Amino acid sequence: MTQLAGNSQPAAEAVPYRAVALKAAAESIRNTIVGRLQDDGLNHHDVRYRVKSEKSALEKIGRRCDNGQLKYPGGLTHLDDLIGIRVILFVETDIDAVAIALTSQFTCHDDEDKTAMMRKNGGIGYAGRHLTLEVPAGNPPNGCGEWVGQRFEVQIRTVLQHAWAEFEHDIRFKGTSGGNAEISRAFTMASTLIELADQQFVNINDILKRLQAEGAVEPAAEAQRLDAGSLRGVLARAFPTFRSSKANQYGWMVDVLAANGVNTVSEAEDWFNSVDPDQVSRVMGYRFSPGQVRVADDLLLQSLGESYVDATKAVGNDTNREGKLRSRLRKLRTERNGS
């Protein structure tokens, strides 16, 4: 196995580059993040990961400062970006919520909003929100217990910011025309338009929430079979103060409700109008407004308890769902018994 040592660090500090282990860790961390975003109803486009190549890692730990000293004298153990995660969102206003969700689940060593800094200084472009996180030893997230102490970097961007940054990187850093004034001017214009488009996406999202909250149940709702679209309306009316969830989460919740005998729009309306979402919100102590599907999930869990865990632990593709449900149920019971 290749050692990341040689002349770049003392032999005693030599650490092997374990590509297979890094890939496994990256997949686990990525899956845990996806599960957290879904649990919190944070609507996202994609979550991707990459593992730094051995060649790139060797090059980085061999870098030296102006005085000749190694920039990363600890070798592999001082590289936080061996694993990189990119979270791609639809609306810019969700970036802060995602950062809060991830820093509450993993240990945060650094949090830098490079886009905000660039705009404050009058710059144009997107650098993104960058987090340096670590899998904590105390209460590691479900699915990450094997990777305690593993550090990784996270970039959070919108779909439009991601497209702009990827294209710019491809042209400026991989091409030969990065310094061309005409190209730079075109990038500046495109960046301004994308920033305006991101703002309109936020406006559209806000309008959609308002329209959903103002909607009325169709006259034939009593007999209407529950589906993702109708459930979205039900939850928007029942929980108007909570954010919309990712679109596919409503379809998942339809399956969850069916597993508990709720199959029509009227049944769902009756059930969710009979519960108090603010009460479960206080018990769970959400750090930010959760998605409507997450609130519904917690309300059902609080009301049905163990039977809900058994009925829904295998619904969907979250392999860690049973563990998370039992952890949340303990919290709900502890708070209830203590009150």
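The values are calculated or read from the model by the stated rules, or taken from the named source; none is laboratory data. The structure presented is a predicted model; accordingly, all values stated were derived computationally and were not measured. As a convention, Cβ positions derive from the backbone with ideal geometry for all residues, glycine included, and neighbour counts pool all protein chains shown.
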TODO: Scan the range 265-299 for residues that are in contact with an Asp or Glu (Cβ under 7 Å, 6 or more places away or on another chain), surrounded by fewer than 19 Cβ atoms within 10 Å (Cβ to Cβ) and not aliphatic (A, V, I, L, M) and report the count.
DONE: 1
Task: Residue satisfying all of: in the range 135-193; of a type in the set (D, E, K, R) and within 26 Å of the chain's Cα centre (by Cα); modelled with the highest pLDDT among these - done: Glu153
- [ ] Looking only at the range 306-319, decide whether some residue is closer than 26 Å to Val47 by Cβ, among the polar types (S, T, N, Q) and exposed (fewer than 15 other Cβ atoms within 10 Å of the Cβ).
- [x] yes
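Scan the range 253-296 residue by residue and report those that are under 13 Å from Gln38 (Cα atoms) and under 18 Å from the mean Cα position of the chain (by Cα). Show your work before the answer.
Pass one, the range 253-296, residues under 13 Å from Gln38 (Cα atoms): 253, 290-296.
Correct list: Pro290, Gly291, Gln292, Val293, Arg294, Val295.
I'd like to check something: does the range 38-59 contain any residue that is in a helix (DSSP H, G or I) and either under 29 Å from Asn139 (Cβ atoms) or under 16 Å from the mean Cα position of the chain (by Cα) (or both)? Walk me through how you get there before you give the answer.
First, the residues of the range 38-59 that are in a helix (DSSP H, G or I): 38-39, 54-59.
Within this subset, residues satisfying the condition of being either under 29 Å from Asn139 (Cβ atoms) or under 16 Å from the mean Cα position of the chain (by Cα) (or both) are 38-39.
Yes, the conditions are met somewhere in the range 38-59.
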Open item on the list: Between Val254, Val217, Val262, which is at pLDDT below 85 and of a type in the set (A, V, I, L, M, F, W, C)?
Closed with: Val217
